[in-house]
Amino acid sequence: MQIEIAGKNYQIITTDSKEIRLEQHPGIARIFAPVDFEISTLEQFIKNNKNSRTVSEEVEYQEHPVRLFQQNYLLKLIKNTTSNKILVKNRTITLYCKGTTYQKQLHDWQKQFILQQLADEIGYWEEKLNVLVGKIKLRALPKSLYSLQAENNITFSTSVTCLSVSELHYLAFKAISSQISLDPKIRTTYFPDQQQLEHQLAYTLKTCQQSH
């Protein structure tokens, strides 16, 4: 909603917070206020903050791409916004950050992105092999790409991001088949070039470790 205070229009955005916050961008002023706000309270707040400076959004493209599953993504930063969302489209990651620091936000997003790719692959093989996997986790594993735990849980190495999509597809299959002791003949049915894929995984893991 919009209201006029002292001859100026403000966009009101209600939040669960009890605090009132003012942000002035070129062409628009926003007030973040509690759901049960009163106009008189906002008027006083505006009066007290009439000299607050304008915050301008900054658009910045990072020189180095974000590399995920052997694909390069251009990183576009939009700083000083009211949002902290991240969008992916056409090999471009657009990251909105409320200030100018974005590294932790990007790191957390990358982890969730990797886990989602793993979940998709695991889900595919769960249906194909008629099995059920427990929790999927992600952590640094210095000597392998995955580790099997009790209750059908699987921990994958953070190095999986160095794999190609096809290698990740095979790795998910390999992890599940190891967990349930799948018949080697069934493995060959799905991956007749299994030995070559094993060499690829070993080479990719070694290369990834050397680069870090």
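Going by the conditions given, is Leu132 closer than 24 Å to Pro65 by Cβ and not assigned by TED's automatic domain parsing to the domain that holds Arg67?
Criteria not met by Leu132.
Determine the pairs where a residue that is assigned by TED's automatic domain parsing to the domain that holds Ser164 and modelled with pLDDT of 85 or more, located within the range 56-73, has a partner that is in a loop (DSSP other than H, G, I, E, B) and surrounded by 14 or more Cβ atoms within 10 Å (Cβ to Cβ) with Cβ atoms under 6 Å apart, the partner being 6 or more residues away or on another chain.
none
Across the range 1-55, which residue is nearest to Leu75 (Cα to Cα) among those that are of a type in the set (Gly, Ala, Ser) and at pLDDT below 75?
Ranking the candidates gives Gly27 first.
Within the range 173-197, count every residue that is exposed (fewer than 13 other Cβ atoms within 10 Å of the Cβ) and among the charged types (D, E, K, R).
Qualifying residue count, the range 173-197: 3.
Of all residues in the range 107-146, which are of a type in the set (Asp, Glu) and under 23 Å from the mean Cα position of the chain (by Cα)?
Passing the criteria: Asp108, Asp120, Glu121.
The values are calculated or read from the model by the stated rules, or taken from the named source; none is laboratory data. Note that the coordinates shown come from a computational prediction; the quantities given were computed from them, not determined experimentally. Positions of Cβ are backbone-derived with ideal geometry, glycine not excepted, and every protein chain shown enters the neighbour counts.
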